[in-house]
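K.L.:
Quick one: structure below, then a few questions.
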There are 4 protein chains.
Amino acid sequence: MANEIKTSVRTAVAGVGGYAGGELARLLLHHPRLAAAQPLFLGRVADEATTGRVPLESLHPQLALGGGVAQPEVVSFSWEKVQDAGIETVFLALPHETSREWAPEWLERGIKVIDLSGAWRLHQAANSAVYKLTDANEALAQSLQQEAVFGCPELHREEIANARLVANPGCYSTSIILALAPLLRAGIVDVDHGIICDAKSGVSGAGKAATAKTHFMYAADNLSAYAVFGHRHTGELLEQLGLTADQIQFTPHLLPIPRGILSTIYLRLKDSMKPEEVESVLRSFYASSPMVRIHKTPGLPQIQHIVRTNYCDIGFELAKDGKRLVLVSCLDNLLKGAAGQAVQNLNVMCGWKEEEGLL
Amino acid sequence: MANEIKTSVRTAVAGVGGYAGGELARLLLHHPRLAAAQPLFLGRVADEATTGRVPLESLHPQLALGGGVAQPEVVSFSWEKVQDAGIETVFLALPHETSREWAPEWLERGIKVIDLSGAWRLHQAANSAVYKLTDANEALAQSLQQEAVFGCPELHREEIANARLVANPGCYSTSIILALAPLLRAGIVDVDHGIICDAKSGVSGAGKAATAKTHFMYAADNLSAYAVFGHRHTGELLEQLGLTADQIQFTPHLLPIPRGILSTIYLRLKDSMKPEEVESVLRSFYASSPMVRIHKTPGLPQIQHIVRTNYCDIGFELAKDGKRLVLVSCLDNLLKGAAGQAVQNLNVMCGWKEEEGLL
Amino acid sequence: MANEIKTSVRTAVAGVGGYAGGELARLLLHHPRLAAAQPLFLGRVADEATTGRVPLESLHPQLALGGGVAQPEVVSFSWEKVQDAGIETVFLALPHETSREWAPEWLERGIKVIDLSGAWRLHQAANSAVYKLTDANEALAQSLQQEAVFGCPELHREEIANARLVANPGCYSTSIILALAPLLRAGIVDVDHGIICDAKSGVSGAGKAATAKTHFMYAADNLSAYAVFGHRHTGELLEQLGLTADQIQFTPHLLPIPRGILSTIYLRLKDSMKPEEVESVLRSFYASSPMVRIHKTPGLPQIQHIVRTNYCDIGFELAKDGKRLVLVSCLDNLLKGAAGQAVQNLNVMCGWKEEEGLL
Amino acid sequence: MANEIKTSVRTAVAGVGGYAGGELARLLLHHPRLAAAQPLFLGRVADEATTGRVPLESLHPQLALGGGVAQPEVVSFSWEKVQDAGIETVFLALPHETSREWAPEWLERGIKVIDLSGAWRLHQAANSAVYKLTDANEALAQSLQQEAVFGCPELHREEIANARLVANPGCYSTSIILALAPLLRAGIVDVDHGIICDAKSGVSGAGKAATAKTHFMYAADNLSAYAVFGHRHTGELLEQLGLTADQIQFTPHLLPIPRGILSTIYLRLKDSMKPEEVESVLRSFYASSPMVRIHKTPGLPQIQHIVRTNYCDIGFELAKDGKRLVLVSCLDNLLKGAAGQAVQNLNVMCGWKEEEGLL
């Protein structure tokens, strides 16, 4: 491999104020490889105009350090600060429009980018149309869109290791792709029958903005389906799984919990199989993947097993006919579905153990 | 119609201590037709052995009356008390084994039975095998099983009006049957493609027994699938919808909320249709059903719309291909899924307005 | 009594879009005295500019009627509509500034006002300063402020029966006042030692506006104290209980639940008493109050006993010294703490049974 | 100091199946000092009688390791296994009766004990009577009770460093003691006026047993006070704070959340002080305590700041009179209130950094 293994790396987080940004800050601050190199936290700190810096705890009180030690700070952005800090890799935890505009600049300065938005995840223009992106330099953007690696280490470990621009996957997509990829690649799924993904996510997936739908009174003690036939993550499913739009159908629901996704996936196998054969396909595929856990059938994962971890847990039950299969896939949308997977990508890019700082 | 309309009726509730029993008590105590005839509440009151009676509020503190008035009481069972009270209709909110054993006795005494358990819901032996019932008088039990009317007023209003034994439907079943029946009866569903019902229920559906799965720490902030391919309500779906076991598939999930069911149902239409045509099928079917509400497509119901009501809310979205349909059906498992539907059945049996005491 | 008993009354609700407004609509639509006289719902319906009317269900989907019947509507305000509808009593469920400005106009037209805001609750200028009210006609406003009756029927039944302007109490205040009033009036409390009220409220108390503090991610799985030493309801406590600011202290907390208030109140009795003596003081005081329930000591009320009811439940424990007393008082902030109490006031004003339409 | 600093230590956890046991397992498995010495997990593994061992994940699925590596195991207890593993320190996460009986045996074998139960926390017989302990060797038990060190590192760091038997404090007690100790030691509190502690805890504090009170339907959307004037942790408050029973009063409440305690504490200062003076007393006291965070007044901590951390957060507001003080103290009952504090004690006993493995 081209990469030599680094002992550490200088990182920055842009957009540290959101939920994924906060989790990134927590993970990076306690990552054993980064102990000597505190990340540079970049945010909107307009309210502290004179100093251009606020303590991280003012955005995320849970991240304050005890015992009177100095608190990590969030500083207003400047290229000068980035250069002085010797940043080698940046995490962009920003709206996709901002990432689309800004990522090329970081790359141009020789800084690798791990982007948590949807800006660079899709390779086909038809699929990415949903993001309504307008690019100043369209040719460059198209070229980067082709170059960007979909940051799912379980599927693209090698490409990530050598990537300049990693597009961290969507939370729903990760849960569905990891469950389906082994079976699809094994060629055992009757894709023409159609695959149905009934997915449920906690409220942090809706972001930090206070809206009618993130109001406690709307979400609590409730469950609602939304974006039926129209969720933006659909494109990732099609491209990563090699399916057409009439072969897979995805319905997200809003769960009355802070974090966690559970996807219940319905499909038919081409030929009748035994449960242990299906389990074997899954286990073989993830034999070297420390962040995926396969349940012994008919055991099924639950959200409480994976909340606050970077694991994706997968289980299934097979009908007596040996054909109708129900997969259940769970992950924490802020970790394996966002910040945790981003750090996992950093580990892969640096040649470190994939799970480092994530257990 | 044979029934003349009664001004009131003497009712009893056996098994008032559970969640459905408590809701029944609440509904009956405030039912305008029963104001002059307080129900007889029967329970296990062994802890008050000397008197054989306890105040209802000791089982359900929320049902206490204020202002120093006399509290409703729960009394230990005796046929003498039942006779003295002139009971005409009894609600059995008991385990199915108990109902199976006990219902024939009530009927023999000329008392109509509305049974909330699964004991009498299924007409085919193969489907009811799941309940492992052993009957003292097998011939009588078989005969009653055939006679029993499935207590879904929207489908069997006439039979209920004339029934002696009403088998109140399961909570999951009600939500799925009410969504699917209009489309199946209209003959527009491609049943051989298979129908998938991904259902989610609040914890009260699991009953009052304190178990590992009803522990707050298990259910809260969690979601889990269970009984995949094997839930007891499946038989009701097959019989009421006229489907075979390979035509419909039902996966229940445990939601971290007290009450409410949301079922997301996936099917294909035989021929491409317009959304307004599908909506019209639903609206026509329920034109005279006060307890069903159809959402204007693409609007979808949510659990918070129906909690603490006796409504079943149904909505849907149709894919652009005009064939792939996603139905969403919601109800309160303790009301339209249990006690509320039982009172609705009482109303039908008495010739009263179906929604009386339920709004 | 001057009032003759009306068989019905024409009511209007201004501000039907909020949580209290929605509960008011639900209560009034099913109030047995108002069956023949549907309330006039007034709201901001700017988005339906051409018609000036929207179905109530578009604001509160849970209030839709089933069975294809006509839906209640919300209309944009005009005095013409108010006059045409023959409105006799209006509920104002609006911000206090709006109520302060608007209530005089309704009164001038001979329409009684039940105001749910804090605009008219306080008689002393020093206490009402917290609302920062500016009145066009200051003299009239001052006069009305004196005339307004604090709408707590358990304390002011007679005055409410004859009132033109009823100031519906705050939710926290109601829970604390109802617990303390009997003991203070009996003269048994050592008020100079100081009374401490540690109160906890569900999120609906914070209103429908989407803010950082009503975001699900802020409130869920959390508890926080706020407005220590500075909550606006303090003035109501002082005036209604006849205490000075150093005699009572009140700390509200935000509970991770939709509805319900529990206040834990700490005080010392002047002289050592027996628990049954204290209980007797409470029971006597509320002997004719159907919406207050006293728990038999040492039983204590809980939020789940009162949610979705109009009851205020009160219980207590007395230390072995017979002096240190802990009172616990619970109510539903949207019912006994807002819309339910407002309807209770309507009942009193009309000479109806106080609990009519509220059980 | 007598202790030399060890590079690692061999630990065992007895009672790994409970909530605190599970958190202990998680912390110890990832503790940097214990990487080369996996703890010995002891539990009831009767269901695996032939092997006497089950994978840890069968008790705590969230603790499974991914990537096909060997899973940690829980083994049935034997002194032989303890000896073979060379255990130096054991954590007892067991009922207090079991700890009382068993701790002497471990000590006798030269193994240090960190006990998470209430068995050894109290030095005065009158206070410990609440645990109704019966000791086989009463003299030995009394002697150990005197010897045991109350495991609150912020108050007893030195004694813990040299202790054989550490009695890990109660969860409620820790939150209250840490808030009050600095002020009481500074002599600024009017203790005779009385201190009131209104404490609220998540459901995990009630333990893993499925009971009526841990049922989801009891705890969810609810709040209830319990054990008023009679909670077992009261003795710890009296002994550690040097107060008499009429000087402090403690009311616990059950919160509808999985984890976290918030204590609201009411007291009067002897003399009027400025807020910054009070803050200074707190900050000085905890200047060298990495696991306590003091909020800048009038900022107050919330449960979401400390959940899943080992921090105790403390804040306060002072009335304008400079005397009436409201303290708010928060911690995670399973971490700083149990397993985290136990590991903190291990760190102190081994001479490691107090926060090692806890950030």
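The values are calculated or read from the model by the stated rules, or taken from the named source; none is laboratory data. Since the model is a prediction, treat every value here as computed from it, not as a measurement. As a convention, Cβ positions derive from the backbone with ideal geometry for all residues, glycine included, and neighbour counts pool all protein chains shown.
K.L.:
It is to be established whether one or more residues within the range A:261-276 are of a type in the set (Asp, Glu) and under 30 Å from B:Ala220 (Cα atoms). So that I can check it myself, show each step before the final result.
P.N.:
First pass over the range A:261-276, keeping only residues of a type in the set (Asp, Glu): A:271, A:276.
Still in the list and also under 30 Å from B:Ala220 (Cα atoms): none.
No: zero hits.
Listed here are the residues, each with its yes/no results for (1) closer than 25 Å to C:His31 by Cβ; (2) in contact with a Lys or Arg (Cβ under 9 Å, 6 or more places away or on another chain).
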| position | (1), (2) |
| --- | --- |
| C:His253 | no, yes |
| C:Arg259 | yes, yes |
| C:Ser263 | no, yes |
| C:Lys270 | no, yes |
| C:Ser284 | no, no |
| C:Arg308 | yes, yes |
| C:Phe316 | no, no |
| C:Leu331 | yes, no |
| C:Gly340 | yes, no |
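K.L.:
Would you check which residues across the range D:267-294 are in a strand (DSSP E or B) and facing chain A (nearest Cβ under 7 Å) and list them?
P.N.:
To start, the set of residues in the range D:267-294 that are in a strand (DSSP E or B) comprises D:267-269, D:292-294.
Correct list: D:Val292, D:Arg293.
K.L.:
Restricting to the range C:41-58, name every residue that is under 28 Å from the mean Cα position of the chain (by Cα) and modelled with pLDDT under 85.
P.N.:
Once the filter is applied, which keeps residues that are under 28 Å from the mean Cα position of the chain (by Cα) and modelled with pLDDT under 85, the range C:41-58 yields C:Gly43, C:Arg44, C:Val45.
K.L.:
Taking the condition over 21 Å from D:Cys197 (Cα atoms) and either more than 21 Å from the chain's Cα centre (by Cα) or not assigned by TED's automatic domain parsing to the domain that holds D:Leu183 (or both), does D:Val343 pass?
P.N.:
Spelling it out, D:Val343 is indeed over 21 Å from D:Cys197 (Cα atoms) and either more than 21 Å from the chain's Cα centre (by Cα) or not assigned by TED's automatic domain parsing to the domain that holds D:Leu183 (or both).
K.L.:
Could we say that C:Ser175 is of a type in the set (Gly, Ala, Ser) and in contact with a strand residue (DSSP E or B) (Cβ under 7 Å, 6 or more places away or on another chain) here?
P.N.:
In short, yes.
K.L.:
If you don't mind, another one. Could you list, in sequence order, the residues of the range D:90-116 that are surrounded by fewer than 23 Cβ atoms within 10 Å (Cβ to Cβ) and in contact with a Pro (Cβ under 9 Å, 6 or more places away or on another chain)?
P.N.:
none
K.L.:
If you scan the range A:241-266, which residues turn out to be more than 9 Å from chain B (Cβ to nearest Cβ), under 25 Å from A:Lys323 (Cβ atoms), assigned to a strand (DSSP E or B) and within 18 Å of the chain's Cα centre (by Cα)?
P.N.:
Passing the criteria: A:Phe250, A:Ser263.
K.L.:
While we're here: Quick one: count up the residues across the range B:230-240 that are at pLDDT 95 or above and surrounded by fewer than 23 Cβ atoms within 10 Å (Cβ to Cβ).
P.N.:
Final tally of qualifying residues: 2.
K.L.:
So, in the range A:295-349, of the ones that are small (Gly, Ala, Ser) and part of a strand (DSSP E or B), which residue ends up farthest from A:Pro275 (Cα to Cα)?
P.N.:
Once the filter is applied, the top-ranked residue is A:Ser329.
K.L.:
Give the residues of the range B:26-46 that are away from chain C (no Cβ under 14 Å), surrounded by fewer than 22 Cβ atoms within 10 Å (Cβ to Cβ) and either under 22 Å from C:Arg33 (Cα atoms) or hydrophobic (A, V, I, L, M, F, W, C) (or both), sorted by residue number.
P.N.:
B:Ala36, B:Ala37, B:Val45, B:Ala46, listed by residue number.
Residue by residue, here is whether (1) under 22 Å from C:Ser289 (Cβ atoms); (2) free of Cβ contacts under 8 Å to residues at least 12 places away in the same chain holds:
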{"residue": "C:Asp84", "(1), (2)": "no, yes"}
{"residue": "C:Val90", "(1), (2)": "no, no"}
{"residue": "C:His123", "(1), (2)": "no, no"}
{"residue": "C:His156", "(1), (2)": "yes, yes"}
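K.L.:
Residues of the range C:315-334 being more than 9 Å from chain D (Cβ to nearest Cβ), surrounded by fewer than 24 Cβ atoms within 10 Å (Cβ to Cβ) and of a type in the set (D, E, K, R), which ones?
P.N.:
C:Lys323
K.L.:
Residue by residue through the range B:295-308, note down the ones that are surrounded by fewer than 22 Cβ atoms within 10 Å (Cβ to Cβ) and within 8 Å of chain C (Cβ to nearest Cβ).
P.N.:
B:Arg308
K.L.:
Also: Scan the range D:67-84 for residues that are within 14 Å of chain A (Cβ to nearest Cβ) and at pLDDT 90 or above and jot them down.
P.N.:
Of everything in the range D:67-84, those that are within 14 Å of chain A (Cβ to nearest Cβ) and at pLDDT 90 or above turn out to be D:Gln71, D:Pro72.
K.L.:
Something else now. Within the range A:214-252, can you find the residues that are in contact with a Pro (Cβ under 8 Å, 6 or more places away or on another chain) and free of Cβ contacts under 8 Å to residues at least 40 places away in the same chain?
P.N.:
The answer is A:Phe216, A:Met217, A:Ala219, A:Ala220, A:Asp221, A:Asn222, A:Leu223, A:Ala225, A:Tyr226, A:Ala227, A:Val228.
K.L.:
So for the range D:178-196 (the condition being in contact (Cβ under 8 Å) with a residue 12 or more places away in the chain, over 16 Å from the mean Cα position of the chain (by Cα) and closer than 30 Å to C:Val307 by Cβ), does at least one residue qualify?
P.N.:
Taking every residue of the range D:178-196 in turn, at least one turns out to be in contact (Cβ under 8 Å) with a residue 12 or more places away in the chain, over 16 Å from the mean Cα position of the chain (by Cα) and closer than 30 Å to C:Val307 by Cβ.
K.L.:
How about the range C:251-264: which of its residues are hydrophobic (A, V, I, L, M, F, W, C) and crowded, with 24+ Cβ neighbours inside 10 Å?
P.N.:
Hits for the range C:251-264 are C:Leu255, C:Ile257, C:Ile261, C:Leu262.
K.L.:
Within the range C:160-177, can you find the residues that are in a loop (DSSP other than H, G, I, E, B) and either buried (at least 24 other Cβ atoms within 10 Å of the Cβ) or over 19 Å from the mean Cα position of the chain (by Cα) (or both)? Can you show your working first?
P.N.:
Applying the first criterion (in a loop (DSSP other than H, G, I, E, B)) to the range C:160-177 yields C:162-164, C:168-170.
Of everything in the range C:160-177, those that are in a loop (DSSP other than H, G, I, E, B) and either buried (at least 24 other Cβ atoms within 10 Å of the Cβ) or over 19 Å from the mean Cα position of the chain (by Cα) (or both) turn out to be C:Asn168, C:Pro169, C:Gly170.
K.L.:
Ok, one more. Just to be sure I understand, how many residues within the range C:211-229 are surrounded by 19 or more Cβ atoms within 10 Å (Cβ to Cβ) and either of a type outside the set (A, V, I, L, M) or under 17 Å from D:Gly299 (Cβ atoms) (or both)? Let's see the steps before the verdict.
P.N.:
Restricting attention to the range C:211-229, the residues satisfying the condition of being surrounded by 19 or more Cβ atoms within 10 Å (Cβ to Cβ) are C:214-225, C:228.
Filter once more, keeping what is either of a type outside the set (A, V, I, L, M) or under 17 Å from D:Gly299 (Cβ atoms) (or both): C:214-216, C:218, C:221-225, C:228.
Summing the residues that are surrounded by 19 or more Cβ atoms within 10 Å (Cβ to Cβ) and either of a type outside the set (A, V, I, L, M) or under 17 Å from D:Gly299 (Cβ atoms) (or both) in the range C:211-229 gives 10.
K.L.:
Give me a count of the residues in the range D:178-198 that are assigned to a loop (DSSP other than H, G, I, E, B) and not small (Gly, Ala, Ser). Full working, then the answer.
P.N.:
Going through the range D:178-198, the residues assigned to a loop (DSSP other than H, G, I, E, B) turn out to be D:186-188, D:190, D:194.
The next check asks that each one be not small (Gly, Ala, Ser); those that pass are D:188, D:190.
Total meeting the criteria: 2.
K.L.:
Inside the range A:15-43, can you point out the residues that are part of a loop (DSSP other than H, G, I, E, B) and either over 12 Å from A:Pro55 (Cα atoms) or outside the structural domain of A:Ser117 (by TED's automatic domain parsing) (or both)?
P.N.:
Answer for the range A:15-43, where residues must be part of a loop (DSSP other than H, G, I, E, B) and either over 12 Å from A:Pro55 (Cα atoms) or outside the structural domain of A:Ser117 (by TED's automatic domain parsing) (or both): A:Gly15, A:Gly18, A:His30, A:His31, A:Ala35, A:Ala36, A:Ala37, A:Gln38, A:Pro39.
K.L.:
Can you tell me which condition C:Arg157 does not meet? The list is (1) modelled with pLDDT under 95; (2) within 24 Å of C:Tyr311 (Cβ to Cβ); (3) not β-branched (Val, Ile, Thr), and all the others hold.
P.N.:
(1) is the only condition that C:Arg157 fails.
K.L.:
Between A:Leu262, A:Leu335, A:Leu325, which is under 28 Å from B:Pro256 (Cβ atoms) and out of contact with any strand residue (DSSP E or B) (no Cβ under 8 Å at 6 or more places or on another chain)?
P.N.:
Being under 28 Å from B:Pro256 (Cβ atoms) and out of contact with any strand residue (DSSP E or B) (no Cβ under 8 Å at 6 or more places or on another chain) holds for just one of A:Leu262, A:Leu335, A:Leu325, which is A:Leu335.
K.L.:
Return yes when B:Gln62 is in contact with a helix residue (DSSP H, G or I) (Cβ under 6 Å, 6 or more places away or on another chain), in the same structural domain as B:Glu147 (by TED's automatic domain parsing) and closer than 30 Å to C:Glu354 by Cα and no when it is not. Reasoning before the result, please.
P.N.:
Numbers: in contact with a helix residue (DSSP H, G or I) (Cβ under 6 Å, 6 or more places away or on another chain): yes; in the same structural domain as B:Glu147 (by TED's automatic domain parsing): yes; closer than 30 Å to C:Glu354 by Cα: yes.
Here the answer is yes, as B:Gln62 does meet what is asked.
K.L.:
I'd like to verify a number: residues in the range D:64-100 that are hydroxyl-bearing (Ser, Thr, Tyr) and either in a loop (DSSP other than H, G, I, E, B) or in contact with a Cys (Cβ under 9 Å, 6 or more places away or on another chain) (or both), how many? Reasoning before the result, please.
P.N.:
Filtering the range D:64-100 for residues hydroxyl-bearing (Ser, Thr, Tyr) gives D:76, D:78, D:89, D:98-99.
Applying the additional criterion that residues be either in a loop (DSSP other than H, G, I, E, B) or in contact with a Cys (Cβ under 9 Å, 6 or more places away or on another chain) (or both) yields D:76, D:78, D:89.
Qualifying residue count for the region: 3.
Yes/no matrix, rows are residues, columns are (1) within 11 Å of chain B (Cβ to nearest Cβ); (2) not in a loop (DSSP other than H, G, I, E, B):
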{"residue": "A:Lys200", "(1), (2)": "yes, yes"}
{"residue": "A:Thr211", "(1), (2)": "no, no"}
{"residue": "A:Met217", "(1), (2)": "yes, yes"}
{"residue": "A:Asn222", "(1), (2)": "yes, no"}
{"residue": "A:Phe229", "(1), (2)": "yes, no"}
{"residue": "A:Gly235", "(1), (2)": "no, yes"}
{"residue": "A:Glu239", "(1), (2)": "no, yes"}
